[in-house]
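What follows is one structure encoded as structure tokens, with my remarks underneath.
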Amino acid sequence: MLVRCPAYLSKARIAASEQITNNTRQLYCQCLNLNCSSTFNASLSFGEIIRSPKQGSSKPDHTKQPDLLSNPNQMDLLADEPMYCAG
């Protein structure tokens, strides 16, 4: 997910996030432009389900799609606990 700094539209990283509701997460971001380095927050929320899951569907099979369950480079934005990135 690309986040842009509101000051100069430079790329920014999500440094941490906090669960607000089941459908909303507060993101804490930092600009990657060394001349700016501003920090800001943003909200991520679900609007609506466009296409419902197939009836009888379940979580991905770990053996067939391991990257969907345990990619260390991906942050679970809707996890129950606050997430913090190292760095």
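The values are calculated or read from the model by the stated rules, or taken from the named source; none is laboratory data. Computed from a predicted structure; not experimentally measured. In this analysis, Cβ positions are derived from the backbone assuming ideal geometry, glycine residues included, and neighbour counts consider all displayed protein chains.
State yes or no: is Ala16 touching a Pro at 6+ places or on another chain (Cβ under 8 Å) and either at negative phi or of a type in the set (Lys, Arg) (or both)?
So Ala16 passes the test.
Within the stretch 11-65, restricting attention to residues that are modelled with pLDDT under 90 and of a type in the set (Val, Ile, Thr), the residue that is farthest from Met1 (Cα to Cα) is Thr63. Checking each residue in the stretch 5-23 for being among the hydrophobic types (A, V, I, L, M, F, W, C), over 12 Å from Thr39 (Cα atoms) and in contact with a strand residue (DSSP E or B) (Cβ under 7 Å, 6 or more places away or on another chain) picks out only Ile20.
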